[in-house]
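A.B. asks: Starting off with a structure, shown below.
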Amino acid sequence: MYKKLIFILIMSLLASSIAYAFYNDNVVALVLDDPQQTEHSETIKAKIMEGKYKDTIITIERELLKDSVYDFNIEKDDKILIEIYEDESNNLNANFINIWRLDKLKHLALILLIMVLIFGKIKGTLSLLSLLFSGFIIIKFMIPAILKGYDAILVSIIYSSIIIIVSFIMIAGFTKKSFASILGTIGGTAVAGALANIYSKAVKVTGFANEDVGFIVSNMGVTIDFRGLYISAVIIGSIGVVMDVSMSITSSIFEIKKHSPRISRNALINSGFEVGKDIMSTMINTLVLAYTGSSIPLLMIYVASEASVTYALNSELIAIEIIKSLCGSIGLVFTIPFTVFIASSMAQKSRMGS
């Protein structure tokens, strides 16, 4: 219990450091009146809410761009993100960056936190904190390492392993159960990553089909292995589902052992595979639908243009999603035998099955 409370304290401090790490010179401002609009622009009167110029009233010009990510209306009492600067005459000016969405997102996150605290209590809280830790590792360590030119696949494997290990230890503690789940998850994730590497080479994936990659190349001047970056996405994308499968199987095996101490190793293995079969059918569906859902706008383009199914499936963008789905699913399936054999062996050697 004390170990878990210490973990909560450490991760709370980590969450605070995340917020501090992402702070920049842009500031939030409160819109004082409904903007005055013309055909192509609008004038916004706002009060700066933070920083050196807090409480200063400023006027901002915003260009109206239809059918874009900026195609939304700004109203009185909305919060906006602006960039402030002084011109050569020391006059204060500002550029509109975007609507300020974090307050509403915080409300949604708070709802999740309350629900988790009510129904999940300490374990639920630890799962959320492990998610925070995962995001921190990916954004502050993994991505910067890839941008510096380190091998994307190797970097992803290293930091994915760290995420897996820390997450399981936080949720299940330093136990044989968590160790078995860690090994099963790493095994299944490694299979998914290896297959993605093999088949992305086989189908000549360049990694440049995604428009975000094009932006990185043209606007940021970054030179990295974009195919490796794609494979790292497969690895990271597989972790969550594979962890769920591994922990579910391990918990079932240890629970069976706890209530039936004299059960044989073979009987434990058979029980583990039965549990694995039930989990597999739903989890593969979940994984494939998740990747399919992210490709809906792309699929709509192909359907609207009446392109043939063969042509659509052969495009790199769709092929990438297919490889993600299939490799992730295969990794998930491999996780089952890995976890079953490891957990059964450890449970059999454990007196209490824990």
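A.B. asks: All but one of (1) part of a helix (DSSP H, G or I); (2) of a type in the set (Ser, Thr, Tyr); (3) loosely packed, with under 14 Cβ neighbours inside 10 Å hold for residue 127, so report the exception by its number.
C.D. replies: Evaluating residue 127 over (1) part of a helix (DSSP H, G or I); (2) of a type in the set (Ser, Thr, Tyr); (3) loosely packed, with under 14 Cβ neighbours inside 10 Å leaves (3) as the failure.
A.B. asks: If you go through region 279-287 one residue at a time, do you hit one that is over 19 Å from residue 181 (Cβ atoms) and among the small types (Gly, Ala, Ser)?
C.D. replies: yes
A.B. asks: Identify, from the list 186, 263, 224, 235, the residue that is closer than 21 Å to residue 326 by Cα, surrounded by 14 or more Cβ atoms within 10 Å (Cβ to Cβ), out of contact with any His (no Cβ under 9 Å at 6 or more places or on another chain) and modelled with pLDDT under 90.
C.D. replies: Only one candidate qualifies: 235.
A.B. asks: Here's another thing I want to ask about it. Listed residues 205, 242; which is surrounded by 17 or more Cβ atoms within 10 Å (Cβ to Cβ), closer than 17 Å to residue 318 by Cα and either at pLDDT 80 or above or not small (Gly, Ala, Ser) (or both)? Can you show your working first?
C.D. replies: Values: 242 fails: closer than 17 Å to residue 318 by Cα.
Only one candidate passes the filter, namely 205.
A.B. asks: If you don't mind, another one. Of the residues that make up region 70-86, is at least one under 19 Å from residue 33 (Cβ atoms), free of Cβ contacts under 8 Å to residues at least 12 places away in the same chain and of a type in the set (D, E, K, R)?
C.D. replies: Residues of region 70-86 under 19 Å from residue 33 (Cβ atoms): 72-82.
So of that shortlist, the ones also free of Cβ contacts under 8 Å to residues at least 12 places away in the same chain come out as 73.
With of a type in the set (D, E, K, R) added as a condition, the list becomes none.
No, region 70-86 contains no residue that is under 19 Å from residue 33 (Cβ atoms), free of Cβ contacts under 8 Å to residues at least 12 places away in the same chain and of a type in the set (D, E, K, R).
A.B. asks: Just one of (1) charged (D, E, K, R); (2) surrounded by 10 or more Cβ atoms within 10 Å (Cβ to Cβ); (3) at pLDDT 80 or above trips up residue 3, so point out which.
C.D. replies: Just one mismatch for residue 3, condition (3).
A.B. asks: Cβ-Cβ below 6 Å, separation at least six or inter-chain, first residue in region 42-60 and without any contact (Cβ under 8 Å) to a residue 60 or more places away in the chain, second among the aromatic types (Phe, Trp, Tyr): which pairs?
C.D. replies: Taking only residues 6 or more apart or on different chains, the pairs are 60/96.
A.B. asks: In region 224-263, which residue that is in a helix (DSSP H, G or I), without any contact (Cβ under 8 Å) to a residue 40 or more places away in the chain and charged (D, E, K, R) is nearest to residue 135 (Cα to Cα)?
C.D. replies: Selected residue: 244.
A.B. asks: When you look at residue 301, is it of a type in the set (Val, Ile, Thr) and at pLDDT 75 or above, yes or no?
C.D. replies: Values: of a type in the set (Val, Ile, Thr): yes; at pLDDT 75 or above: no.
No.
A.B. asks: Let me ask you something else. Which ones in region 156-169 are of a type in the set (A, V, I, L, M), crowded, with 22+ Cβ neighbours inside 10 Å and either modelled with pLDDT under 85 or over 24 Å from residue 255 (Cβ atoms) (or both)? Give the derivation first.
C.D. replies: Looking only at region 156-169, we keep the residues that are of a type in the set (A, V, I, L, M), and these are 157-158, 162-166, 169.
The next check asks that each one be crowded, with 22+ Cβ neighbours inside 10 Å; those that pass are 163-164.
Matches in region 156-169: 163 only.
The values are calculated or read from the model by the stated rules, or taken from the named source; none is laboratory data. This is a predicted model, so every value here is computed, not measured. Cβ: placed from backbone, ideal geometry, glycine included. Neighbour counts: every protein chain shown.
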